[in-house]
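The structure that follows is given in the form of structure tokens.
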Amino acid sequence: MKHIFVKLAFIITSLFVFYSAQAQVPGNRPINVNDPNEISYLNQKNYTIGGVDVTGVEYLDKDVLITISKLNVGQYIEVPSEQTASVIKDLMNQNLFEEVQLYATRIEGETIFFEIRVVERPRLAGIEVKGLKKSQAEEVRKRLNASSGKIVNENLLRTTRSTIEKYLREKSYLYPDIKITTTPDSTQANYQTVTAEVDRNRKIKVRKVNFTGSEAFSNRQLRKFLKGVKPRAWYRIFGPGRFKEDKYEEAKENLIAKMQDRGYRDAEILKDSIWRYDDNEIAIDFDLYEGPKYYVGNITWTGNSKYQDSILNLILGINKGDVYSEEKLNARLQGPTRASDDIAALYQNDGYLTFQVEPIIKKIDKDTVDLEIQMFEGKQYTINNVILKGNDVTNDRVVLRSIFLKPGMKYSREALVSSIREISQLGMFDEQKITPNPAKNLNMEEGTTDLEFTVAEKASDQVELSGGYGAGQVIGTLGLNFNNFSTKNFFKKDSWKPLPRGDGQRLSIRGQTSGRRYQSYNFSFSEPWLGGKKPIYFGLNAYVSNMREMFFGRDGQWTERENAPFINMHGVTATLGRRLNWPDRYFQVNSSLSFQRYVLNNYQGLFLFADGDSYNINFTQEISRNTVDAPIYPTSGSNIRLSVQLTPPYSLWNNIDYKTAPANEVYKFVEYHKWKFDSQWYTTIAGKLVLKSQAQFGYLGMYGGDAPISPFERFVLGGDGMQGFDFLQGTEIIAMRGYANGTVIPESTGNGTAAQNIAVRSGSPLYARYQLELRHPIMLNEQATVFALAFAEAGNTWNSFQEFNPFKVRRTVGIGARIFLPIFGMLGIDYGHAFDPIPGMAESRWRQNFTFSIIQNMGGF
């Protein structure tokens with residue numbers, strides 16, 4: 001009875017409140033329809049909506065808010081009800097308001113009028129990030145896209161925190177302290193500034209990695225598989241590597257791939273966890289599942305009609321009983337683009353452009369996997385057209401002659417890869433953006449396809465403008481190299497933009513001078529396709545250099561002494577070369593005829609004679625093979641060159657007694673034979689890490705008899721390898737970092753200063769040099785190529801073959817960097833440490849730790 005009376009009292013009270021409120025609406029105050037103190041759910045009533053208004057908004061559209069409220073004029077609505085409660089819920093879910101209320105402003109019979117009262121949330125005036133570097137804070141704001149006017153709500157604050165945390169995690173700051181506050185903006189009403197105070201704490205490194213669940217692999221092996229995550233180890237002198245999440249995810253994928261590659265195809269990570277070891281280190285735990293080790297069972301082939309199973313099995317190279325490796329299987333079926341010994345290459349090099357192969361696991365019996373290799377051979381395709389895109393400057397014929405696939409030929413993947421390499425060797429296009437499309441306009445009925453190449457031109461011309469101080473004088477250099485010149489358009493006025501370009505010819509002009517004391521000028525021109533129809537190389541080089549001794553007079557001017565030492569050197573060289581098709585298309589032969597004249601006047605201490613004219617007329621035959629994949633940053637291939645340079649054997653007919661004849665007569669016509677060998681090998685070690693291996697030998701010999709060895713064409717070893725001021729001396733400069741220019745001289749050379757000076761400046765007749773260089777790129781793009789390197793070099797020079805010992809060398813190691821800028825060429829800086837001193841020479845003279853270099857000719861031999 002007591003409960004009945006309580007309920008009855010509640011109903012009476014509710015009815016009283018409702019009807020009292022209803023009576024007040026028309027003339028007094030609005031009623032909050034969702035407030036049980038004003039309207040009871042026990043006395044619901046249906047009304048027709050007569051109107052809806054929104055108050056309290058300043059920045060939002062009222063009509064949009066009314067649409068969200070779902071209160072439509074003319075609709076029937078029960079008051080109060082779930083529908084009126086949903087109005088508040090739906091608007092609050094927009095995260096735009098601090099408060100929303102629904103009021104009935106008046107009731108006229110069966111018609112009700114609503115007012116939606118809102119209190120808007122503040123707007124964003126800006127986001128301040130404190131505790132980070134200026135560049136880091138700017139990057140965070142950029143990621144947040146923190147434009148003013150946004151609503152300041154919990155979602156914005158959470159997004160700000162998570163964005164900062166994500167950015168810092170990328171930088172190895174895994175446990176930052178971030179405090180986010182809001183303050184009213186003093187210049188704008190209802191605007192707030194969000195401030196994030198960040199303490200990055202220390203960068204996180206990996207202390208240790210623990211593995212459970214593996215029996216076939218040791219922890220050491222598993223850590224090695226986990227490439228990219230480097231825990232602390234005694235042999236890491238700089239400590240463990242920083243932890244980065246992206247590398248961590250890649251490392252986990254690599255871990256499973258390596259386990260599967262060794263036959264554990266069911267291997268997976270059941271669980272991995274990262275926990276904080278101390279303030280700046282973490283530990284990682286892996287729970288692994290290995291599963292059984294699988295072996296290859298029966299292999300069957302389907303869909304093959306061109307080649308028998310026995311041939312395919314031979315090329316596949318996987319036999320029954322081998323450890324099952326999906327990675328190896330896929331590589332042997334359709335290997336990387338450069339490979340030519342996989343199943344796909346067998347077909348695609350024979351025109352089967354649309355060839356497809358897919359391995360299917362037919363049965364797994366305990367630890368044995370039976371395979372069915374399904375093949376779709378398709379048909380042989382021939383090239384219909386070769387299409388070029390992107391060569392806005394270079395003429396089509398220059399690119400087309402570098403493409404080995406011609407219209408009417410069968411498609412070949414190997415020829416396609418060779419074409420990409422050949423185009424990159426031109427040096428006119430960005431190697432990273434040479435994109436072939438061998439299936440352009442594919443006609444399956446006729447078996448034809450168009451081959452499309454898309455290229456991107458890059459700046460290939462170079463300028464050298466430098467000045468330096470040496471030998472007591474200021475030397476200025478100006479050099480211009482045009483690597484895409486066109487003589488065909490030379491007399492066409494419209495083609496000078498600023499020079500005629502587009503035919504792939506090379507034109508170089510270089511001048512070096514210090515005024516009257518020293519001048520050197522060089523001109524060279526080359527045409528890789530003489531006549532335009534065959535790959536016949538033509539080159540022409542001419543130069544003149546001279547130096548005279550002068551002194552600084554009392555009048556403040558440089559003055560030439562009477563009978564002052566003077567040397568002049570000038571010459572011209574013409575070269576013809578041809579690419580060979582045998583033994584393969586990578587061979588080339590070059591033949592050169594050269595004339596050089598040396599004029600010496602009282603030029604003491606450098607050569608074996610001081611006065612007179614000397615002529616060097618020689619013929620050079622060179623054979624080379626170049627398979628390097630790129631001219632700037634090679635990752636594979638080799639570059640091998642062998643040359644022999646011969647002069648006429650004047651001593652056989654000139655009747656000169658070389659023992660008694662004066663020096664100017666002995667050396668008037670220089671005779672010698674000169675042999676050179678250079679080999680460079682590029683191998684990708686892992687990722688983009690490349691090893692360059694190089695071996696060089698050179699020998700300058702005589703034909704026999706009493707004729708002395710030539711004072712010119714000798715080898716100068718040591719330093720940066722740049723010709724520079726030494727070019728006028730007729731020597732060949734060989735780089736060897738860590739040692740000063742030309743200081744690697746034979747041990748048999750006298751320890752006297754005069755003898756050493758001659759050896760340093762004139763060179764030696766015999767040398768050997770070896771090099772190992774590890775390279776890793778920092779930047780590879782069209783604007784610049786930057787890579788770091790570490791090197792070990794060894795080399796030496798000898799005065800005769802009797803002294804020659806290829807294992808008795810001077811050694812040096814060091815680090816360096818190269819920057820390739822299209823307009824300047826290759827700029828280099830190295831720090832080398834030489835181990836072996838030069839007897840009789842002060843260390844300050846032979847040691848040169850830092851070496852700078854500028855190399856402009858990047859187009860191969």
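Computed from the coordinates by the stated procedures, all read-outs in this text should not be read as laboratory data. From a predicted model like this one, the values you see are computed outputs, not experimental measurements. Reconstructed Cβ throughout: ideal geometry from the backbone, glycine too, with neighbour counts over all protein chains shown.
Could you work out how much longer the chain between PHE404 and SER800 gets when fully extended? Use 0.36 nm per residue separation minus the Cα distance between them, nm to one decimal.
Length difference between fully extended and current span is 137.9 nm.
Name the residue farthest towards the positive end of the dipole of the stretch 403-530 from the options SER524, GLY476, PHE404, assuming +1 on Cβ of Lys and Arg, -1 on Cβ of Asp and Glu, about the Cα centre.
Comparing the listed Cα positions along the dipole, GLY476 ranks first.
Compute the long axis of helix 134-144 from its Cα atoms, compare it with the longest principal axis of the Cα atoms of the chain, and write down the angle in degrees, 0 to 90, nearest 10.
So the helix axis and the longest Cα principal axis differ by about 50 degrees.
Which whole-angstrom value gives the distance between the alpha carbon centres of the stretch 83-143 and the stretch 482-506?
Using only Cα atoms to place each centre, the spacing works out to 66 Å.
Identify the trypsin sites (Lys or Arg not before Pro) of the stretch 298-351 meeting these criteria: DSSP loop state and at most 16 other C-beta atoms within 10 Å of the C-beta.
Answer in residue order: LYS306, LYS320, ARG338.
Taking a point 7 angstrom from the Cα of LYS89 along the C-beta vector, which residues in the stretch 56-78 have backbone N less than 20 Å away?
Under 20 Å, as judged by backbone N against the label point of LYS89, lie 65-72, 76-78 of the stretch 56-78.
Another question about this same structure. I need the trypsin sites (Lys or Arg not before Pro) found in the stretch 774-861, filtered to DSSP loop residues with at most 16 other beta carbons within 10 Å of theirs.
Within the stretch 774-861, the qualifying trypsin sites (Lys or Arg not before Pro) (loop, at most 16 other Cβ atoms within 10 Å) are LYS808.
Given a cut-off of 24 Å, name the pairs among LYS389/LYS458; LYS433/LYS688; LYS271/LYS363; LYS166/LYS258 whose C-alpha atoms lie farther apart than that in the structure shown.
LYS271/LYS363; LYS166/LYS258
To test your reading of the geometry: what angle, between 0 and 90 degrees and rounded to tens, separates the Cα axis of helix 245-261 from the longest principal axis of the chain?
70
Here's a follow-up. Order of ASP503, ASP613, ASP392 from fewest to most other C-beta atoms within 10 Å?
Ascending Cβ contact count within 10 Å gives the list ASP392, ASP613, ASP503.
Once the Cα atoms of helix 2-27 and of the chain are each reduced to a long axis, what angle between those two axes, in degrees from 0 to 90 to the nearest 10, is obtained?
70
Here's something else I'd like to know. What is the distance, in nm, between label points placed 7 Å from the Cα along the Cα-to-Cβ direction at ALA189 and at ASN43?
Between ALA189 and ASN43, the simple spin-label model gives 3.9 nm.
Quick query: amide H of GLY241 versus all other amide H atoms, modeled in the peptide plane; which residues come in under 5 Å with a sequence gap of 5 or more or a different chain?
Under 5 Å from the amide H of GLY241 lie the amide H atoms of VAL206, LYS230, each far enough along the sequence or on another chain.
Along the stretch 210-219, what does the Karplus equation 6.51 cos²θ - 1.76 cosθ + 1.60 (θ = phi - 60°) give for ³J(HN,Hα), rounded to whole Hz, x for Gly and Pro?
10, 10, 10, x, 10, 10, 7, 10, 7, 4
How high is the relative contact order of the stretch 421-536, in percent, with contacts defined as C-alpha pairs under 8 Å that are six or more residues apart?
Computed value for the stretch 421-536: 17 percent relative contact order.
Could you calculate the contour length gain from GLN783 to ASP365, that is, 0.36 nm times the residue separation minus the distance between their Cα atoms, to one decimal place in nm?
Extra length from GLN783 to ASP365 when fully extended: 144.9 nm.
Here's a follow-up. Given the C-alpha centroids of the stretch 286-322 and the stretch 252-266, what is the distance between them in whole angstrom?
First find each Cα centre; the distance between them is then 17 Å.
Would you pull out the residues with amide H under 5 Å of ALA610's amide H, same chain only if 5 or more places away, H placed 1.01 Å from N?
Long-range HN contacts for ALA610: none found.
Could you list which residues have their amide H under 5 Å from that of PHE824, counting only those 5 or more apart in sequence or on another chain, with H placed in the peptide plane?
Those qualifying (amide H under 5 Å, at least 5 residues apart or on another chain) are VAL463.
Given R₀ = 60 Å, what would the calculated FRET efficiency be for TYR59 paired with THR487, taking r from the Cβ atoms and rounding to 0.05?
Efficiency, from the Cβ-Cβ distance: 0.30.
Give me a comma-separated list of calculated 3J(HN,Hα) values for the stretch 652-663, in order, Karplus coefficients 6.51, -1.76, 1.60 applied at θ = phi - 60°, integers in Hz, x for any Gly or Pro.
Listing the rounded values in order: 6, 9, 7, 6, 8, 8, 5, 7, 10, 5, x, 4 Hz.
Just to confirm my numbers, what's the Cα centroid distance between the stretch 150-173 and the stretch 442-458 in Å?
47
Dipole of the chain, Cα-centred, from +1 at each Lys and Arg C-beta and -1 at each Asp and Glu C-beta, to the nearest 20 debye?
In debye, rounded to 20, the chain gives about 1320.
Through the Karplus equation 6.51 cos²θ - 1.76 cosθ + 1.60, θ set to phi - 60°, convert the phi angles of the stretch 82-89 into ³J(HN,Hα) values in whole Hz; use x for Gly and Pro.
Once rounded to whole Hz, the list reads 4, 5, 5, 5, 5, 4, 5, 4.
So if R0 is 41 Å, what FRET efficiency would ASN441 and SER135 give, r being the distance between their Cβ atoms, rounded to the nearest 0.05?
0.25
Would you indicate which of (1) 1.15; (2) 1.37; (3) 1.25 is the value of Rg/Rh (Cα atoms, Kirkwood Rh) derived from the coordinates of this structure?
(1)
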